[in-house]
Amino acid sequence: MSNMADGSSRDQGRAGGSRVTMAAVGRMAGVSQVTVSRALSDPSKVSPETLRRIREAIEATGFVPNAVAGALASSRSRLISALVPSITNITYTSFIKEFTDRVREHDYQVLLTEYGFDREDEETTISRHLSRRPDAMLLTGINHTAQSRRILLGAGIPVVEIWELTDSPIDICVGFSHHGAGREVAEFAIEAGYRQAATVSANDERALRRAAAFAETFTRKGGTRVEAVRLPAQASLAAGRAGLSELVGRIGGSPGVVFCSSDLIAQGILVEARARGYDVPGDIAVIGFGDQEFAAHLDPPLTTVRVDRSEMGSIAAGAMLDRLGPGGGGETIYDLGFEVVRRATA
């Protein structure tokens, strides 16, 4: 970000619909425009009392909105924006602590916002975050509106997209192949002898891609048609129970092996299976996704897909810090991979 005192474009803040100039800030603070410019370029050149009055004037007028403190202190805001679709789903937020801890070691703060699963809402959130002039941005996923990509490319800041891989990231991507995960689970199920299958997925495009890859591979490898349940809500234990109830209602019996979009949904299916008197894995086999902390401690322990979320947070932070450092170097694509963890439910 350029020095705030250099460009006339920085003198275009608005308050109450009218143009606010550096001179107007000076009048409100009781100092000259030159003093305001000096405070913006080098706060050490003005007295603490003068700096206080200028800051108050800037805040009151909206001049350089939402980036005042960082602009006064340095040429960077020391702010990193992070957008996740859900702050209640540990699948998306469990890496945030590792990410935040790493960037805070370098004197950055994280502004975290939930935007849901709607790309238009994500676009609005991106625009609002950019108005705060972050030094970098962390996004969940690789699919955004065309306008989101345009404004991010135009912002000229490091952008890290997590949870997915693409050959054409906005800047950096850190993730794994969701298609590959679904394919590998299907191959495991076929090798284990299952010939009937179903998927139960939350309304999440990444989960739906895993489910589609599972179904395609399972049938191609010799399984029967795969029943698919797409849940209208986010992942929850109750949603898992409802998913199994819907499956049983459709087919009139056990669906065989069920691949779930999350461990939480898988837990709900296990609860509902027990309530219906099904034996696991004899009557119904269950495979989750995420390898949450509780997965190994369920009864029976849950077969699932492990993705190292802490490593994801660490790599994402490191890649972003590399971009923010001298030379802006670093790799572009980081493939974390995944692992099918075989336990007692399948």
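The values are calculated or read from the model by the stated rules, or taken from the named source; none is laboratory data. All values derive from a computational prediction rather than experimental measurement. Cβ sites come from the backbone with ideal geometry, for glycine too, and all protein chains shown count toward neighbours.
Quick notes
Residue-by-condition table, conditions (1) within 30 Å of Val226 (Cα to Cα); (2) crowded, with 20+ Cβ neighbours inside 10 Å:
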position	(1), (2)
Ala136	no, yes
Ile151	no, no
Gly154	no, no
Val174	no, yes
Glu184	yes, no
Glu187	yes, no
Ile190	yes, no
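- Within the stretch 11-36, if we keep just the residues that are of a type in the set (D, E, K, R) and part of a helix (DSSP H, G or I), the residue that is modelled with the lowest pLDDT turns out to be Asp11.
- Residue pairs whose Cβ atoms lie under 7 Å apart, sitting 6 or more positions apart in sequence or on different chains, and linking a residue in the stretch 114-130 that is touching a residue at least 12 places away in the same chain (Cβ under 8 Å) to a partner that is outside any helix (DSSP H, G or I) and acidic (Asp, Glu), are Phe117/Asp204.
Table: residues versus (1) modelled with pLDDT of 95 or more; (2) assigned to a helix (DSSP H, G or I).
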{"position": "Val305", "(1), (2)": "yes, no"}
{"position": "Ser310", "(1), (2)": "no, yes"}
{"position": "Ala316", "(1), (2)": "yes, yes"}
{"position": "Met320", "(1), (2)": "yes, yes"}
{"position": "Gly327", "(1), (2)": "no, yes"}
{"position": "Gly330", "(1), (2)": "no, no"}
{"position": "Tyr334", "(1), (2)": "yes, no"}
{"position": "Arg343", "(1), (2)": "yes, no"}
{"position": "Ala346", "(1), (2)": "yes, no"}
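- Counting only helices (runs of 4 or more DSSP H) that fall entirely inside the stretch 37-117 and contain at least 2 residues that are at pLDDT 80 or above and surrounded by fewer than 21 Cβ atoms within 10 Å (Cβ to Cβ), the qualifying elements are 48-61, 96-104.
- Where a residue in the stretch 256-273 is more than 24 Å from Arg309 (Cα to Cα) and its partner, wherever it lies, is of a type in the set (Phe, Trp, Tyr) and modelled with pLDDT of 95 or more, with Cβ under 6 Å and at least six apart: Gly256/Tyr194; Val257/Tyr194
- Set side by side, the residues Thr199, Thr217 differ, and just one is surrounded by 20 or more Cβ atoms within 10 Å (Cβ to Cβ), closer than 27 Å to Phe95 by Cβ and polar (S, T, N, Q), which is Thr199.
- Pairs with Cβ under 6 Å, 6+ apart, first in the stretch 18-30 and farther than 10 Å from Ile58 by Cβ, second modelled with pLDDT of 80 or more and in a helix (DSSP H, G or I): Ala23/Gln33; Gly26/Gln33; Gly26/Val36
- Among the residues making up the stretch 118-134, those that are surrounded by 14 or more Cβ atoms within 10 Å (Cβ to Cβ) and assigned to a loop (DSSP other than H, G, I, E, B) are Arg132, Arg133, Pro134.
- Close pairs from the stretch 153-169: first closer than 21 Å to Asp308 by Cα, partner of a type in the set (Phe, Trp, Tyr) and in a loop (DSSP other than H, G, I, E, B), Cβ under 7 Å, at least 6 apart: Leu165/Phe176
- Flag if Ile269 is touching a Leu at 6+ places or on another chain (Cβ under 7 Å), at pLDDT 95 or above and either farther than 18 Å from Leu302 by Cα or of a type in the set (A, V, I, L, M) (or both): yes
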